[in-house]
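Here the structure comes first, spelled out in structure tokens, and everything after it is commentary.
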Amino acid sequence: ASFLLLCFRTSLVTSLIFVLLLQLPLTPLSIITQPNIVLLMADDLGIGDVGCYGNDTIRTPNIDRLAKEGVKLTQHIAAAPLCTPSRAAFLTGRYPLRSGMDAINNYRVIFWNGGSGGLPSNETTFAKILQQQGYSTGLIGKWHQGVNCESRNDHCHHPLNHGFDYFYGMPFTLISDCQPTETPEMDRVFRRKLWLSTQMIVLFTLTAALGRLTGLISVHWKTLTCLAGFSVLFFISWFSSYGFVRYWNCIMMRNHEVTEQPMVTDRTTSLILRESISFIERNKHKPFLLFLSFLHSHTPLLTTAKFLGRSRHGLYGDNVEEMDWMVGQVLDAIDKEGLKNTTLVYFASDHGGWLERQEGKRQLGGWNGIYRGGKAMGGWEGGIRVPGIFRWPGVLAAGAVINEPTSLMDIYPTVVRLAGGVLPPDRVIDGRDLMPLLRGTVKHSEHEFLFHYCGIHLHAVRWHQKDSGAVWKAHYVTPVFQPLGAGACYDRGFCPCFGEGVTHHDPPLLFDLSRDPSEAKPLSADTEPLFDTVIHKIGRAIEEHRRTLTPVPEQLSLYNVVWKPWLQPCCGTFPFCWCDKEGD
């Protein structure tokens, strides 16, 4: 009998072990300490440009592989529809107006490396917390959060002052001015105004001088000298806005050192990829954070020769396919070093595609799929709904899809807690830890409301009614599309946040995104029985949200965004700034 009992126990234990092996359970988070974290962020990429989000004409096999091996978010939302404020929110886990990084005027992003605005030093980025937790932290690529405050070398807004041990890339952002063969892009409206002002001042000065010489007008010579000085100053400013933008803004830096001024665009892609892989190789023996902030797919769409002409969507498609290849190279480097199972990889875009970016018949901006609107539009889904993919083999289930509302701000608390850090207790953090949702231990996102700003102006609010599954969205302000019905502001190049270019709605336009994700059919009290209840609920949420806001210095004020010669990063003796240390 004892022999039979022993055989039975042995058989039972063997069966249990076999079943457990077949199930291949996900690794408990409690036994995983400080994974490597690789954050991949595209620039101006539309959600409709990626294969796993429905595009069947642009090839993105490596991004699609991330989704197949990980978790895909279908309602991943940027906190702002433009680069500077969206990235500020991503880095801090806070709506950008909390840090002063959203605009009170029409200058909605940082315009110059020589401006004084930028991410404030008192903001705590996730990189700073991970650095304190012993991580090696690196940023490769685009920054666009400012450089200096009061002097050329104070670097108060620089990545190294915000928790990154290593930086290689552009302190600014790509613009068409960086490519000598492209039509200048930098603030064309401002240039026209500056040229008109220059002509008027010169004409007034010449008229006054002629009147003085002929005796028709009594003008003091000191007045004429001042007018002449102003004429020269305005002319130099106008001329510099053309001739020197490339030297002032299109530069590359390694840590605090300017390495290329202006940047050599033909090799930028290869250098960014080389630096990214090198960072992984150098830091493979300790936990690291790599934030690879792509210059793709922002105009002028820098694309190497081997990818030109490969896609069915012209230069933009070529550029996206090259970025996907870069993603694959980074993933291969992670695999080569044996880090795949200990590395959380995240891919997203900073906001939606730029619909208005065209030259002739060439479409140079992205596609936002079924979603209405695009870049710069604070409320419409096309400007803020972006790809969001997480991969962590053995921890996150492969091939999972989550339809819950999530935010780019959620990366902050997610990576801080994975690193063993603590969220700053002295400020509001708007992001939520995504790991319970990603691992399937909870069914719903922690976000009940998300607030959609255009500059400092609240344009729309999303309410996730968890008991019913509905996702309501109320639009209080929408841009006026030109031509009418065109779906974008083609007359302006960007949709504005306020003024004559927007329409205010009272009552607000209401959509149920769970039934109408394209925001095509606004609801009313006649068509939706819950209309008044929903609008009242959202109105109460806005009141509570506004009570959490406190005044802060405006980083994108007119004074902060204008170019200041004494703040301009310079390789050499200002104003003779030029170097090519990569070539040397």
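The values are calculated or read from the model by the stated rules, or taken from the named source; none is laboratory data. All figures in this text were calculated on a predicted structure; none of them were measured in a lab. Counting neighbours? That spans all protein chains shown, and the Cβs are built from the backbone with ideal geometry, glycine included. We work out accessible area using only protein heavy atoms, side chains counted, and drop any ligands, DNA or RNA first. Shrake-Rupley method; radii C 1.70, N 1.55, O 1.52, S 1.80 Å.
Determine how large the accessible area of residue 467 is when every protein chain is in place; take a 1.4 Å probe and give Å² rounded to the nearest 10.
That residue has around 130 Å² of solvent-accessible surface.
Assuming a ≥ b ≥ c are the square roots of the Cα gyration tensor eigenvalues, decide whether the chain counts as rounded (a/c under 1.5), prolate (otherwise, with a/b larger than b/c) or oblate.
Working: a/c = 2.11, a/b = 1.56, b/c = 1.35.
Prolate shape, in that a/c is at least 1.5 and a/b is the bigger ratio.
Expressed as an acute angle from 0 to 90° and rounded to the nearest 10, what is the orientation of the C-alpha long axis of helix 531-547 relative to the principal long axis of the chain?
70
Using the Kirkwood formula over every pair of different C-alpha atoms, what hydrodynamic radius in Å results for the range 268-341? Mind showing how you got there, number by number?
Numbers: mean 1/r = 0.0755 Å⁻¹.
Averaging 1/r across every pair of different Cα atoms and inverting gives 13.3 Å.
Rolling a 1.4 angstrom probe over the protein chains, ignoring ligands and nucleic acids, what is the accessible area of residue 308 in square angstrom, nearest 10?
Accessible area of residue 308: about 90 Å².
Zone of residue 255 (label point 7 Å along Cα→Cβ, backbone N under 15 Å): which residues in the range 118-135?
From the range 118-135, the list is empty.
Leaving out ligands and nucleic acids, and using a 1.4 Å probe, what accessible area per residue does the chain come to in Å²? Please report the intermediate quantities before stating the final value.
Details: 25000 Å² over 584 residues.
I get 43 Å² per residue for this part.
For 476, 559, what's the largest-to-smallest order of accessible area, 1.4 Å probe? Before the final figure, lay out each step's value.
Details: 476 50, 559 145 Å².
In descending accessible area the options line up as 559, 476.
Please determine, in degrees from 0 to 90 and to the nearest 10, the orientation of helix 2-23 with respect to the longest principal axis defined by the Cα atoms of the chain, where the helix direction is its Cα long axis.
Roughly 20 degrees, rounded to the nearest 10.
Give me the percent relative contact order of the chain, please, defined on Cα pairs under 8 angstrom at least 6 residues apart. Each step should come with its number before you reach the end.
On the way: 1245 pairs, mean separation 150.3, N = 584.
Once divided by the residue count of the chain, the mean separation gives 26 percent.
Report, to the nearest whole %, how much of the accessible area of the chain belongs to carbon and sulfur atoms, 1.4 Å probe, protein only. Don't jump to the answer; show the numbers that get you there.
Working: 14930 of 25000 Å².
Here it works out to 60 percent.
How many angstrom lie between the C-alpha centres of the range 106-154 and the range 337-411?
So the separation of the two Cα centres works out to 23 Å.
Which pairs, out of 142/564; 286/336; 361/521, put more than 27 Å between their alpha-carbon atoms? All intermediate terms of the calculation are to be shown ahead of the outcome.
Numbers: 142/564 21 Å; 286/336 16 Å; 361/521 30 Å.
With Cα atoms farther than 27 Å apart: 361/521.
Out of all DSSP beta bridges with both ends in the chain, state the antiparallel percent to the nearest 5. Could the numbers behind the result be given before it?
Working: 40 of 70 bridges.
Taking every DSSP beta bridge within the chain, about 55 percent pair in antiparallel fashion.
If you take the Cα Rg of the range 447-584 and divide it by 2.2 N^0.38 Å, with N the number of residues, what do you get? Walk me through the intermediate numbers first.
Working: Rg = 21.7 Å, N = 138, 2.2 N^0.38 = 14.3 Å.
My calculation over the Cα atoms of the range 447-584 gives 1.52.
As a test of reading the structure, rank 195, 578, 392 by solvent-accessible area (1.4 Å probe, protein chains only), most first.
Highest to lowest solvent-accessible surface, that is 578, 195, 392.
Could you give the radius of gyration (one decimal) and Dmax (whole number) of the Cα atoms in the range 86-130, in Å?
Rg and Dmax of the range 86-130, Cα atoms, are 11.0, 35 Å.
Can you give the accessible area of residue 206 in Å² (nearest 10), computed on protein heavy atoms with a 1.4 Å probe?
110
What angle, in degrees between 0 and 90 and rounded to the nearest 10, separates the Cα long axis of helix 188-214 from the longest principal axis of the Cα atoms of the chain?
10
Dipole of the chain, Cα-centred, from +1 at each Lys and Arg C-beta and -1 at each Asp and Glu C-beta, to the nearest 20 debye?
Working: 54 positive and 54 negative charges, 70 e Å.
My answer is approximately 340 debye.
Sort 473, 361 by heavy-atom solvent-accessible area, probe 1.4 angstrom, most to least.
Numbers: 473 0, 361 210 Å².
Order by accessible area, largest first: 361, 473.
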